[in-house]
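A quick write-up on the structure given underneath.
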Amino acid sequence: MFQKSADDAWLTKLRRVKYLGNMCLVLRLKHSLSDTYWLNVNDPGFPFVGVIEHTNFDTPENYKGTHIAYLSRYLATEDPVWAYSDDEYLDFALSHLKRMFPHFEKEWVVDFKVWRSEYAQPVTERNYSQYVPDASTPFDNALISTMAQIYPEDRGTNYAIREGRLIAQKL
């Protein structure tokens, strides 16, 4: 958006922040995986940080009687998994899902969608406080508010909303 009209110095500051991408597999299933809504996973052998079964929070009747689950994975966009086709990613994910939920069968999958976000998670390296992007831009009446600016707070939607409101008040 800014590349054609912004000065190089400002763009260089923005590009200093590194990011992880996210791949989120959303599954529509015939059966429930478990009775858990949100399962944080801290197993280095399991490639997803969370298994969230939305229909344990909202009734399956709102989804034509099916169960909605999603698996979230943060990764560098240089990781070979990032380049998987949607079908390849589904197969990759289901093999791991079967390990966690042995009763799961691939035939349960009614439909699926893979969502990719290239700049999902800013990487806060050592001395990050010295290069947190500023809200100001080289454009009149334009400020930015991104997840990279929430530091030192942990990334979270609540902080993004707070920062967005603060920026909006400055306009």
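W38 - would you say it is over 30 Å from D140 (Cα atoms), in contact with a strand residue (DSSP E or B) (Cβ under 9 Å, 6 or more places away or on another chain) and in contact (Cβ under 8 Å) with a residue 60 or more places away in the chain?
Considered against the rule, which asks whether it is over 30 Å from D140 (Cα atoms), in contact with a strand residue (DSSP E or B) (Cβ under 9 Å, 6 or more places away or on another chain) and in contact (Cβ under 8 Å) with a residue 60 or more places away in the chain, W38 comes out as no.
Taking the stretch 98-157 on its own, how many of its residues are loosely packed, with under 11 Cβ neighbours inside 10 Å, over 17 Å from the mean Cα position of the chain (by Cα) and not in a loop (DSSP other than H, G, I, E, B)?
So in the stretch 98-157, the residues loosely packed, with under 11 Cβ neighbours inside 10 Å come out as 102-103, 107, 111, 118, 125-127, 129-130, 140-141, 152, 154, 157.
Still in the list and also over 17 Å from the mean Cα position of the chain (by Cα): 102-103, 107, 111, 125-127, 129-130, 140-141, 152.
Of the ones still in play, those that are also not in a loop (DSSP other than H, G, I, E, B) are 107, 111, 129-130.
Of the residues in that region, 4 qualify.
Give all pairs with beta carbons closer than 7 Å in which a residue from the stretch 156-167 that is modelled with pLDDT under 90 meets a residue that is acidic (D, E); count only pairs at least 6 apart in sequence or on separate chains.
Filtered contacts from the stretch 156-167: Y159/E153.
Can you pull out every residue in the stretch 106-135 that is among the charged types (D, E, K, R) and in contact (Cβ under 8 Å) with a residue 24 or more places away in the chain? Steps first, answer last, please.
Taking the stretch 106-135 as the starting set, the residues that turn out to be among the charged types (D, E, K, R) are 106-107, 111, 113, 116, 118, 125-126, 134.
Within the stretch 106-135, E107, D111, K113, R116, E118, E125, D134 qualify.
Take R155 and tell me if it is over 30 Å from T66 (Cβ atoms) and among the basic types (K, R).
Details: over 30 Å from T66 (Cβ atoms): yes; among the basic types (K, R): yes.
The answer is yes for R155.
Which is surrounded by 11 or more Cβ atoms within 10 Å (Cβ to Cβ), within 21 Å of V81 (Cβ to Cβ) and in contact with a helix residue (DSSP H, G or I) (Cβ under 6 Å, 6 or more places away or on another chain), of L29, L20, L39, L25? Let's see the steps before the verdict.
Working: L29 fails: within 21 Å of V81 (Cβ to Cβ); L20 fails: in contact with a helix residue (DSSP H, G or I) (Cβ under 6 Å, 6 or more places away or on another chain); L39 fails: in contact with a helix residue (DSSP H, G or I) (Cβ under 6 Å, 6 or more places away or on another chain).
That would be L25, the only listed residue that is surrounded by 11 or more Cβ atoms within 10 Å (Cβ to Cβ), within 21 Å of V81 (Cβ to Cβ) and in contact with a helix residue (DSSP H, G or I) (Cβ under 6 Å, 6 or more places away or on another chain).
Scan the stretch 85-96 and give yes if some residue there is farther than 20 Å from S117 by Cα, touching an Asp or Glu at 6+ places or on another chain (Cβ under 9 Å), part of a helix (DSSP H, G or I) and not small (G, A, S), otherwise no.
No, the stretch 85-96 contains no residue that is farther than 20 Å from S117 by Cα, touching an Asp or Glu at 6+ places or on another chain (Cβ under 9 Å), part of a helix (DSSP H, G or I) and not small (G, A, S).
Only one residue in E78, E53, E61 is buried (at least 17 other Cβ atoms within 10 Å of the Cβ) and either out of contact with any helix residue (DSSP H, G or I) (no Cβ under 8 Å at 6 or more places or on another chain) or within 30 Å of Q130 (Cα to Cα) (or both), so which one is that? Explain how you work it out, then say what you get.
On the way: E78 fails: buried (at least 17 other Cβ atoms within 10 Å of the Cβ); E61 fails: buried (at least 17 other Cβ atoms within 10 Å of the Cβ).
Testing whether each residue is buried (at least 17 other Cβ atoms within 10 Å of the Cβ) and either out of contact with any helix residue (DSSP H, G or I) (no Cβ under 8 Å at 6 or more places or on another chain) or within 30 Å of Q130 (Cα to Cα) (or both) leaves just E53.
Which of the residues that make up the stretch 64-75 are touching a helix residue (DSSP H, G or I) at 6+ places or on another chain (Cβ under 9 Å) and either aliphatic (A, V, I, L, M) or farther than 8 Å from M23 by Cβ (or both)? Before the answer, list the steps.
Start the filter on the stretch 64-75 by keeping residues that are touching a helix residue (DSSP H, G or I) at 6+ places or on another chain (Cβ under 9 Å), which leaves 66-71, 73, 75.
Passing the criteria: T66, H67, I68, A69, Y70, L71, L75.
The values are calculated or read from the model by the stated rules, or taken from the named source; none is laboratory data. Computed from a predicted model, the values in this text were never measured in an experiment. Backbone-built Cβ (ideal geometry, glycine too); neighbour counts: all protein chains shown.
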